[in-house]
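A short write-up of the structure that comes next.
Derivation of every value follows stated rules applied to the coordinates shown; laboratory data play no part. Quick caveat: nothing in here was measured; it's all calculated off a predicted structure. FYI the Cβ positions are ideal-geometry reconstructions off the backbone, even for glycines, and counts take in every protein chain you see.
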Amino acid sequence: MKRALEACMLTTIHRWCIWHIMKKIPSKLNGYKGHAEIEQKMSQVVWNSHSKDSFDRNWNDFLLNFGLVDNKWLSDLYEDRHVWVPIYLDHHFWAGMRSTQRSESMHSFFNKFITWNTSLIQFFKQYDNCLGSREQAERESDLSFKMCTLIKSLGKSKHNLEERRIASLN
C-alpha cells in the first residue's frame, strides 16, 4: 500500500494509526512479566517525548529496563517510528487529525452490543441498550464530578469558618 500511495499521490504523507498500534500492545507483549506496566511506560515514551533524540533515548531505556531489546515487534516499530510516533510527524500539517481513533473506538463500543448477524429487531433493542449504557456512564461521570466539587466546596467552607473563628478570637 505504501508504494501505491507514493506512486499515485506524490505529495501525500502516509502515517500509521497510533491508536491501532497502542491497542496491539496487550496482545503483542502479553507474555512478558509486568505487561501492564510495559504498556503504560511505552505509552509514556511515545506521547511524552519532546524531541526525536529524547524519544530515541527513552525508547532504548524502555527496551533495556523491561528486557525487550530482542522483541521483533518493538524493533520493527522502532524502525518505522517516522510513520507513527508523534514527535517524528510534528513537522507535517495534519489539520488537527491524529488517527482514526474516534471511529475505531465507536466501533469497539458498538461491537459490545451488536454483531454482523444481529437481526434488525435485535439491532434496535441493542442500540437502545447501547445508548442507555452511554447515558448511564455520563450520569455516573456527572455525579462523580458534582461530588468532587461538593467535597472541595465543603472543605473551603470549613476552612473559611475556621479562619473566621480564629479572627473573632483576636
>> What FRET efficiency comes out for Arg3 versus Ser75 if R0 is 25 angstrom and r is the Cβ-Cβ distance? Round to the nearest 0.05.
In response: 0.65
> From the phi of every residue in the stretch 30-47, what ³J(HN,Hα) in whole Hz does the Karplus formula 6.51 cos²θ - 1.76 cosθ + 1.60 yield, where θ is phi - 60° and glycine or proline is x?
Replying inline: 4, x, 8, 5, x, 4, 5, 5, 4, 4, 5, 5, 4, 4, 4, 4, 5, 8
> Computed FRET efficiency, Cβ-Cβ of Lys152 and Lys52, R0 35 Å: what is it to the nearest 0.05?
Replying inline: 0.30
> Which far-off residues, 5 or more places away or on another chain, put their amide H under 5 Å from the one on Cys17, with H placed in the peptide plane?
Replying inline: none
> Under a straight-distance cross-link criterion of Cα-Cα below 18 Å, which aspartates and glutamates are reachable from Lys112, leaving out those fewer than 8 residues away in the same chain?
Replying inline: Glu104, Asp128, Glu135, Glu138
